[in-house]
1. Just one of the numbered conditions (1) exposed (fewer than 10 other Cβ atoms within 10 Å of the Cβ); (2) at pLDDT below 90 is not true of residue 71; which one?
Amino acid sequence: MGDIPLALSIPVLVFAVGIYAGCETWWRRRHPAPPSPYTHQAARLSEREMVASAEEIVDGAHARLEGFYGTSGGAIPAAGATGVLGAPGLTPAAVASPGRGRSQPASARRG
């Protein structure tokens, strides 16, 4: 008789573990863990590093191609200046449609 309770305890143990796993899964789905602050901090630091390296690349390219921009002294052209020959100083406002109303639709292109 001593072996029967021991043999029946195995299915009971498996059933209890299944119930526990189901309850834990249910609980974790309804209460997700908050995101780790270290992950967000690392992402912000990495983003700052990428922006700094991109600025260095752009500044270096602008310094090497200074003759194409028509500026001197390494200054980056203003936002309104295009730096393109034949279109000096065109700003987006100069080519925009007048007024605040809707623009006329573009003509349909068939190709």
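The values are calculated or read from the model by the stated rules, or taken from the named source; none is laboratory data. Small disclaimer: the values here were computed from a predicted structure and weren't measured. Don't worry about glycine lacking a Cβ; one is built from the backbone with ideal geometry, like all the others, and counts go over all protein chains shown.
1. It is condition (1) that residue 71 fails.
Yes/no matrix, rows are residues, columns are (1) assigned to a helix (DSSP H, G or I); (2) under 40 Å from the mean Cα position of the chain (by Cα):
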site: 4; (1), (2): yes, no
site: 11; (1), (2): yes, no
site: 17; (1), (2): yes, no
site: 22; (1), (2): yes, yes
site: 29; (1), (2): yes, yes
site: 34; (1), (2): no, yes
site: 41; (1), (2): yes, yes
site: 61; (1), (2): yes, yes
